[in-house]
Structures are given as structure tokens and as C-alpha cells.
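No lab work stands behind these numbers, since they all come straight from the coordinates. Everything numeric here is computed off the predicted structure, so don't read it as measured data. Cβ: placed from backbone, ideal geometry, glycine included. Neighbour counts: every protein chain shown.
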Amino acid sequence: MGDLLIHPSGPLRGTVTTPGDKSITHRALMLSALAEGTTAIEGWVPAEVCLATLRCMRQMGAEIEEKNDALIVTGAGPRGLREPDDVLHCAGSGTTMRLLAGIAAGQPFTTVLTGTEPLRRRPMGRVAGPLRLMGATVLGRHGGTLPPLTIRGGGLRGIDYSLPVASAQVKSAILLAALFAAGETVLHEPGPSRDHTERMLRWFGVEVASQGRDVGLLGGQILRPPAGADALPVLTIPGDFSSAAFPLVAASIVPGSSICLRRTGANTSRTGLYDLLVRMGGDVALSASDLPGAALPDEMHEPIADVQVRHAALRATEVAGDLVVRAIDEFPIFAVLATQAEGDTVVREAAELRVKESDRIATVAAELRKMGAAIDELPDGMIVHGPTRLRGATVACHRDHRLAMALAVAGLVASGTTTVKSAEAFDDSFPGFVETMQALGANIAWVDAEPRRDV
Ligand code: S3P
């Protein structure tokens, strides 16, 4: 582990299975831990941040074991969580910290949440504020807006709340707290954030009302996995569109490529990058996949598809509004795509990128410029002037998993050698990234895996 070496690659070819969805794995662990009964979780991703959630749920009283690649979770039930006897460590995961803050707010005990240094810089006022309105005590650094957070929960009441930013993490935190609140909670969202929590709550039998950008639920509902015939109820996690995004873009920009990404999550709240590729002239297609959840009602199951992609000549585009939310995690790799498109690609209304795992406007622009990209930073986005012939360089990923993978993909079309320093950061979401890219024929390897020359 450590530094990755990437060289210009010939055509990418083949079929790979997209690894499990990080967002949905977090939710599966949390909701099954809150449920009455036992749930099997299949297709989960052993990403570092999901393992952090797993440990936190154990500390709060859920029983979790691994059996034949599935996680078997015996929930603590609605009143069964216990006060953790130590601080909960959320690693670098905003989803873990914000969603757990919502669960902790509903509990009549004290929970302390912390994480890595980059996580401790990320804004938590957006969850602390509404959780306080519901009646929880939330303390943190910097006036209660930065981790570590200390939460004393219980005695919550439902709220009617308009979210200032479109954020699935904030929405989910409040919905999870709302399960423990008296009365109804109703949320109004400014944009179409991912709806995995709502779908999974329904799978666990909770009635969630949603209409347009409004979503709500009545407190006091009990989560129960649907009764299986003899076997355990199985919650199947689809592939992560945000992980598929890296080979998807790689195949779009490496001449001669043609690949297929199997069982990829195709929830439209996540597939903005696909729509952008179509708009830019990309050669992409979705086809129905073998959906384990296909028999479930639409509002409960996560759609899955196979994604076919071939290299194509691309033209620039403009991105703002809902598409930003639907592609919110894809801007590091989208910027790489834009360096290969003809014309100026403009991203606006994306200031949220500044408070992700890194300031993704600043870090993406700075690192891609080292490779010869022409990128202007905007306060709320960027302009990428394309096409540019990238050149290999030594680049840093700022402990940001998606920046590490985006830079590695850029290296496939750059002249010479690209070195991504401390690239193991990608373990946060896509532990098999290097092997997957190698299986498709990408010229990528760990520095230590290089043949050594005798001197
Ligand atoms: C996530 C929501 C998004 C996304 C993050 C995962 C989730 O964050 O960027 O990677 O699992 O709910 P925001 O809710 O802050 O937009």
C-alpha cells in the first residue's frame, strides 16, 4: 500500500461487477441494528468507512457477525440500544457521523462521536441545529458545529423543517431521530438528494410519506425485517454507481475501450453522471440486470442495471441545479472527463463540494493542474477548458478517496508516469479499485509491486 503508479493504457476491455454501495451499506447496518429481529445483508462493501459504522453499531448494542460473505445483524430493537462505553469513531465518514447523530438524538443516554482530522473539520451544525429543535442536546467544538459531538438524546418531538441544503445525510439524520420523536416530522428539501433511507425504512415496514421534495414520518414506528419463509430476510445491496463512475469515465476517455459494469445501482438520485455523459456525446447504455429486488414495489427496492460504455469523442457541457445534487460525489472524476472534452465545461451551484472529504473544488483543480489541465476555480464550481493532453506528474489525494481514484484514471490518458501519493485512501469506498482496473487492462500498480531492478 502507499503510492500508485499509472502509465498510459491501451483499450480497456471486459466485464466487472460493481462493488457494493457505500451509502446503502451504512444504512443497512444502522437500520438493521435498530430493527426487531435478524437481517442478512448481502452485497455489502467492506469499505473502511462502512467498517467504522459496523463497529459503532456493535458498540451501541447490535450483534453483527459475518457468515458466507453476508452480515447477519440481530437488531437491538427500538428501545434496546445501549449507551456506548467509549467514544464512537466514525473514521473519515460524514455519513456515519451525521446519521448516527440522528440515532443518538433519539436515545435516552449520552453518545460521543469523533473521527479523523479531515472529518473533524466538516460542518455538523446542519444536523445539530434540527436535532436541537427536536429536543436533543448536541455539544461540539466551535459553538456546537464541529466534531467531536456529544449528544444527550431522548424526549424528542417531531418538527416541520426546511433543509437549507439538499443533503441526504441531513435528511436521513432527522428521519432517524423522527422514529423516536412524539408526533410527525415533515421535511422540505431544496433538491433531489438520494432517497436510500426512505426506501430502506419502507423495506423494514416503516410508513414514510413522500411527495415531490417533501418527506415525513410518524414517530414510534417499529422496524421489522419482512418475514422470510424459512430463511432470514435478506437485504441486498446494489453496486455503487459512485464507484462504477471511475471505470465508466476511464472507458469513455481511453481510445478503443469497451466495458460492462454489472449490477450497478441505478437509482436516479445517483446517476447524474450518466446523464451528463449522454449529454456530452458519451457512448453509454443501461440494460436491466438480474435484480434480486425486482419483485419489490418500486418505492422499496433499489434499481440495478448493467452499464455498457465505449470510448467516444466528447463535447463540453454546463452543470448546475438538480444535476449537481444527482452527481454530487462524481465531480473529481467528472473534472477528469471534462479535460478530455472539446470546449469549456462549466460547473456552477456546487459550493457543497468545498465541504466534502476535501475541498473538492480546490484540490481537484490544484492536482489536475499539476498534470497540465486548464481549470479555473469558481466560488461555487469550476471551468475546465478542454481538451488537454495530460502529462504524468506526482499528485496528492488529500486523504480523499474519490480524488485518489480520479487522479489514477487521469493517469491512464496522461503521457509518462503518474504517481498518486498515499492512494490507499480509496479503501474508504472502493477497496478493490486497483484489481478492478487491472482486470480491465489498465496499466496501474502499487509502487512496491513494480519489478525491482538490481543495482
Ligand atoms: C451521502 C450523501 C451525500 C454524499 C455522501 C454520501 C449519504 O452527502 O456526498 O458521499 O450517504 O447520504 P450530503 O448529504 O452531505 O450531500
Using a simple spin-label model with points 7 Å from Cα along the Cα→Cβ vector, what separation in nm is obtained for residue 380 and residue 366?
2.4
When the scattering of segment 50-204 is computed by the Debye formula from its Cα atoms alone, each counted once and equally, what is log10 I(q)/I(0) at q = 0.21 Å⁻¹?
-1.51
Once the Cα gyration tensor of segment 109-174 is diagonalised, what are the square roots of 5 times its eigenvalues, in whole Å and ordered largest first, as equivalent ellipsoid semi-axes?
19, 16, 9
Unit charges at the beta carbon, dipole of the chain: most positive-side option, 196, 74, 129
129
Using θ = phi - 60° and the Karplus curve 6.51 cos²θ - 1.76 cosθ + 1.60, what whole-Hz ³J(HN,Hα) does each residue of segment 436-448 get, with Gly and Pro shown as x?
5, 5, 5, 4, 8, x, 6, 8, 9, 7, 5, 3, 5
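Plugging the Kirkwood radius over Cα pairs into Stokes-Einstein for segment 39-134, at a temperature of 10 °C and a viscosity of 1.306 mPa s, what D comes out in µm²/s?
Translational diffusion coefficient: 112 µm²/s.
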Given the Cα atoms of segment 352-429, and with Rh set as the inverse mean 1/r over their pairs in the Kirkwood sense, what is Rg to Rh to two decimals?
0.95
Over segment 191-322, volume per residue of the alpha carbon convex hull, in Å³:
115
In bins 5 Å wide, starting from 0, what share of all Cα pairs of segment 405-445 does each bin hold, as a percent?
5, 23, 34, 28, 8, 1
Computed Kirkwood radius, in angstrom, where 1/r is averaged over Cα pairs of segment 42-91
11.6
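Any idea what the dipole of segment 161-292 comes to, in debye rounded to 20, about its Cα centre with Lys/Arg Cβ at +1 and Asp/Glu Cβ at -1? Each step should come with its number before you reach the end.
Numbers: 10 positive and 11 negative charges, 32 e Å.
For segment 161-292, the charge dipole is close to 160 debye.
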So which trypsin sites (Lys or Arg not before Pro) in segment 306-396 pass both tests, a DSSP loop state and at most 16 other Cβ atoms within 10 Å of the Cβ?
348, 389
Could you give the size of the charge dipole of the chain about its Cα centre, using +1 on the Cβ of each K and R and -1 on the Cβ of each D and E, expressed in debye and rounded to the nearest 20?
740
With N set to the residue count of segment 264-394, report its C-alpha Rg divided by 2.2 N^0.38 Å to two decimal places.
1.15
The residues 161, 274, sorted from fewest to most surrounding Cβ atoms within 10 Å, come out as 161, 274
Please report, in whole Å, how far the alpha carbons of segment 142-244 spread along each principal axis, starting with the longest.
51, 38, 32
Looking at the calculated P(r) for segment 6-67, what percent of the C-alpha pair distances fall above 20 Å?
37
Under the 7 Å Cα-to-Cβ spin-label approximation, residue 7 and residue 344 lie apart by a distance in nanometres of 3.8
Just subtract the alpha-carbon distance of residue 69 and residue 137 from 0.36 nm times their residue separation and send over the number in nm, one decimal.
20.6 nm
Can you find, among 173, 11, 311, the residue sitting farthest towards the positive end of the charge dipole of the chain, where Lys and Arg contribute +1 and Asp and Glu -1 at Cβ?
173
From the P(r) of segment 189-253, can you give the percent of Cα pairs sitting at distances over 21 Å?
49
Please give the Cα centre distance for segment 34-107 versus segment 338-412, rounded to the nearest Å.
34
Suppose R0 equals 25 Å; then what is the FRET efficiency for residue 209 and residue 79 from their Cβ-Cβ distance, rounded to the nearest 0.05?
0.55
Could you compute how fast the chain diffuses translationally, taking Rh as the Kirkwood radius over C-alpha pairs and applying Stokes-Einstein at 10 °C with viscosity 1.306 mPa s? Give it in µm² per second.
71
